Amino acid sequence: MSHGQPSTSNRASAVRAGLSDPATTISFSEAQLGEVRRLQSLYPDARGALLPVLHMAQETFGYISLEAEEYVATLFDLSPAHVHEVVTFYTLYFRERPGRHVVAVCHNLSCHLAGAPGIIAHLKDKLGIDPGATTEDGRVTFLTVECLCACEAAPMAQVDDRYELNLTPEKIDRLLEGLR
Ligand code: FES
C-alpha cells in the first residue's frame, strides 16, 4: 500500500468532507465548499457544475492557475488534465491574472459581417495591444471571443460582466473612458 500523496479520489473525499487539501495551498472557504456541494447537487452528474465552480475559482483566486485547476479537480474527482482541457477550451477563463477590466469582442460570423474587424482594429489602436494582451498599466485585458449569443445586436462585446451591443468606434471610445 502506498504511503505517498493521497489519491485524487481520497483528496476529493477530504474536500467534500470540508477538510483542506494538503496537496494545494489554495482552497475555498467553508461557505464556498457548501456552495460547490449545492451546485453539484443540482445536476444528475455532479460534473455538470464544473463550469460555475471554475468561475467561482476565478473570482476567488483571480485567475485559473495550474494549482487552481488541480484544486478544482479534487472537488469533482476528475484528473487535473481534464480540468485543464476545459479551462483552455473556454476563452473567458484566465490562465494569468487579467487586467482590472476585460473587453472581449466577439469575432464570430454575425459580428464579423456587422463590422467586428473594424471594432477590433480600433481597440488595437486605442489600447496599443493585440487581442490576448493586457495594457501595461494593468487597466484592460483585450480578447477576441467566439459567439456570445447576442448576434442580433452585432457587433458586440462583453465588457467585464455586461454586454455592450451595436458597437461603433465612438461607442468604444466612450466605453474605454469609463474604464479606470
Ligand atoms: S456572432 Fe457575435 S454574438 Fe453571435
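Screening P131, P117 for residues that are of a type outside the set (A, V, I, L, M) and assigned to a helix (DSSP H, G or I) leaves exactly one candidate, P117.
Per-residue answers, yes or no, for (1) more than 24 Å from A150 (Cβ to Cβ); (2) at pLDDT 95 or above:
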| residue | (1), (2) |
| --- | --- |
| L39 | yes, yes |
| V53 | yes, yes |
| I64 | yes, yes |
| E69 | yes, yes |
| D77 | yes, yes |
| V86 | no, yes |
| E96 | yes, no |
| L113 | no, yes |
| I119 | no, yes |
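Scanning the range 129-165 for residues that are hydroxyl-bearing (S, T, Y) and farther than 15 Å from G178 by Cα returns T134, T135, T144. Scanning the range 102-152 for residues that are more than 10 Å from the ligand (Cβ to nearest atom) and among the charged types (D, E, K, R), we see that the one that is surrounded by the most Cβ atoms within 10 Å (Cβ to Cβ) is K126.
Each residue in the range 23-66 was checked for being touching a Phe, Trp or Tyr at 6+ places or on another chain (Cβ under 7 Å) and either part of a loop (DSSP other than H, G, I, E, B) or polar (S, T, N, Q) (or both), and 7 pass.
Given the structure, is L176 within 16 Å of the ligand (Cβ to nearest atom) and either at pLDDT 95 or above or outside any loop (DSSP other than H, G, I, E, B) (or both)? It is false that L176 is within 16 Å of the ligand (Cβ to nearest atom) and either at pLDDT 95 or above or outside any loop (DSSP other than H, G, I, E, B) (or both).
The values are calculated or read from the model by the stated rules, or taken from the named source; none is laboratory data. No experiment lies behind these values; they were computed from the predicted model shown. For neighbour counting, all protein chains shown are included, and Cβ atoms are generated from backbone atoms with ideal geometry for every residue, glycine included.
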